[in-house]
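Chemist: Below is the structure I would like to discuss, written out as structure tokens.
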Ligand code: PHE
């Protein structure tokens, strides 16, 4: 029996030494010390021992139980230490590693100019109106005195959605004029900045998507003088008090008379240079007095009311403002480029 006990001691201690997980230790405890365990089984045979042997074997069995219990406890502690150490190691935070930089965005240069132009007009009492980018050809053309068959409606220039060419991506912000005049009666003073689309090949000065800002004023007694005053105010606010404008006769179907407005080149003061391509003047926008037919079509009596309208190219304004030589830079979304303007 002594031999059996010593054998159990050796076997259990070795197994405990080799255990790699707490759950293994628990099953070893059951295997050796449990009610049906090996050590218990040996002790149950104590009755067959002689009275001299009994206390000695009893003492030995108790020693072995104590040794196995201690070994189980020590090993469990060691395993838990090991687990904790491994977890601390894997979850360690190196507080000396530099933080991730927090990159602040910046307003797009186009939006800066857009907001500035809106501010200038809001300061003159204008309200901001909006219209859809997907527009009825009726609004984009017909109601703007540009009937079917007019060259401006050409499929080569306009993105149509259907065979009948009845819906398109608006080619100008001018349809917002019609929407506003149909919705409310004079006095009207609105601007409408937004995206417009034309089938242009992409190059340094063209893009199939670009931006315009429409302006519309309708009231009793509005004249070309009001148009000039308003646009001169815009130009002086944008380019400084010395900025000069030039109004040239032009043609648009929905204004009569129509004009184009140039601003004197601020680079060369009209001498002619690279910026203005030797012209001395830089084209800024198209404008004119709202055609009586357009007013009447929107239910506004042209005998009572008159108005002016204009359309500014916001992309060009932005390029001029920040001396950006290539329109594509505005739409490529290279953060290194865009961050320069915030
Ligand atoms: N819509 C015209 C264009 O795209 C500009 C314009 C607007 C002209 C308003 C006159 C009045 O070129």
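No lab work stands behind these numbers, since they all come straight from the coordinates. All of these numbers come straight from a predicted model, not from anything done at the bench. Here the Cβ is made from the backbone with ideal geometry for all residues, glycine too, and neighbour counts use every protein chain on show.
Chemist: Between the range 238-255 and the range 23-94, how many Å separate their Cα centres?
Modeler: Distance between centres, Cα-based: 99 Å.
Chemist: At R0 = 30 Å, how high is the FRET efficiency between residue 269 and residue 223 if r is their beta carbon distance? Nearest 0.05 is fine.
Modeler: The value I calculate is 0.50.
Chemist: What base-10 log of the normalised intensity I(q)/I(0) is obtained for the range 109-341 from the Debye formula, alpha carbons as equal point scatterers, at q = 0.12 Å⁻¹?
Modeler: -0.68
Chemist: Can you list the residues of the range 170-207 with backbone N under 12 Å from a point 7 Å past the Cα of residue 332, pointing along Cα to Cβ?
Modeler: Output list for this probe position: 204.
Chemist: For Cα pairs less than 8 Å apart in space and 6+ apart in sequence, what is the mean separation divided by the residue count of the range 109-341, i.e. the relative contact order in percent?
Modeler: Worked out over the range 109-341, it gives 20 percent.
Chemist: While we're looking at this one, here's another question. Going by alpha carbons, how many degrees (0 to 90, nearest 10) lie between the helix axis of 224-239 and the longest principal axis of the chain?
Modeler: Helix 224-239 and the main axis of the chain meet at about 40 degrees.
Chemist: Related question: Compute the long axis of helix 53-90 from its Cα atoms, compare it with the longest principal axis of the Cα atoms of the chain, and write down the angle in degrees, 0 to 90, nearest 10.
Modeler: Result, in degrees: 10.
Chemist: Also, I was wondering about something else. Show me 147-158, 246-257, 226-237, 89-100 ranked by packing, highest mean number of other Cβ atoms within 10 Å first.
Modeler: 226-237, 246-257, 147-158, 89-100
Chemist: Run the quick spin-label model on residue 124 and residue 92: label points 7 Å from Cα toward the beta carbon, then report their separation in nm to one decimal.
Modeler: 6.8 nm
Chemist: I'd like the orientation of helix 2-18 relative to the chain: the angle between its Cα long axis and the longest Cα principal axis, in ° from 0 to 90, rounded to 10.
Modeler: Computed tilt is about 10 degrees.
Chemist: Let me ask something else. Let me have the 222 nm mean residue ellipticity of the chain computed from DSSP H runs of 4+ only, each contributing -39500 (n - 2.57), with the sum over all residues rounded to the nearest 500.
Modeler: -12500 deg cm²/dmol
Chemist: Another one. So between residue 155 and residue 202, what do we pick up on full extension, going 0.36 nm a residue minus the alpha carbon distance? The partial results should precede the final answer.
Modeler: Working: separation 47, 0.36 × 47 = 16.92 nm, distance 1.77 nm.
My answer for the length gained is 15.1 nm.
Chemist: Just rank 29, 336, 85, fewest to most, by other beta-carbon atoms within 10 angstrom.
Modeler: Lowest to highest Cβ neighbour count: 336, 85, 29.
Chemist: Which number do you get for Rg(Cα) / (2.2 N^0.38 Å) in the range 2-90? Numbers along the way, then the final one.
Modeler: Details: Rg = 15.7 Å, N = 89, 2.2 N^0.38 = 12.1 Å.
Relative to the 2.2 N^0.38 Å estimate, the range 2-90 comes out at 1.30.
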